[in-house]
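Engineer: Below is the structure I would like to discuss, written out as structure tokens.
The values are calculated or read from the model by the stated rules, or taken from the named source; none is laboratory data. All values reported here derive from a predicted model rather than from experimental measurement. So basically every Cβ, Gly included, is an ideal-geometry build from the backbone, and we count neighbours across all protein chains shown.
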Amino acid sequence: MNAYQPKAVAFYQARLASKQPVFMLFDPAQPKRALFPEALV
């Protein structure tokens, strides 16, 4: 299941536009599962 929060999407779009890095954690056993820690705050 994919879950998108509009606030998080806007945050990452702004990061992309300003060419700042985006940090992501992923589970090596299940690479399709990812966590964006900056979106948790």
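Engineer: For a quick check of your reading of the model, give me the residue pairs whose first member lies in the range 7-19 and is free of Cβ contacts under 8 Å to residues at least 40 places away in the same chain, whose second is loosely packed, with under 11 Cβ neighbours inside 10 Å and part of a helix (DSSP H, G or I), with beta-carbon atoms closer than 9 Å and at least 6 apart or on different chains.
Structural biologist: Ala8/Leu40
Engineer: Just to be sure before I move on: is Pro31 surrounded by fewer than 10 Cβ atoms within 10 Å (Cβ to Cβ) and not in a loop (DSSP other than H, G, I, E, B) in the structure I sent?
Structural biologist: So Pro31 fits the description; yes.
Engineer: If Val9 passes every condition in (1) among the hydrophobic types (A, V, I, L, M, F, W, C); (2) surrounded by 10 or more Cβ atoms within 10 Å (Cβ to Cβ); (3) more than 12 Å from the chain's Cα centre (by Cα) but one, which one does it miss?
Structural biologist: Against the list (1) among the hydrophobic types (A, V, I, L, M, F, W, C); (2) surrounded by 10 or more Cβ atoms within 10 Å (Cβ to Cβ); (3) more than 12 Å from the chain's Cα centre (by Cα), Val9 comes up short only on (3).
Engineer: Please go through the range 22-41 and give me each residue that is under 13 Å from Phe11 (Cβ atoms) and either of a type in the set (Val, Ile, Thr) or at pLDDT 90 or above (or both), ordered by number.
Structural biologist: Result: Val22, Val41.
Engineer: All but one of (1) on the phi > 0 side of the Ramachandran plot; (2) within 10 Å of the chain's Cα centre (by Cα) hold for Lys19, so report the exception by its number.
Structural biologist: Going through (1) on the phi > 0 side of the Ramachandran plot; (2) within 10 Å of the chain's Cα centre (by Cα) one by one, Lys19 breaks only (2).
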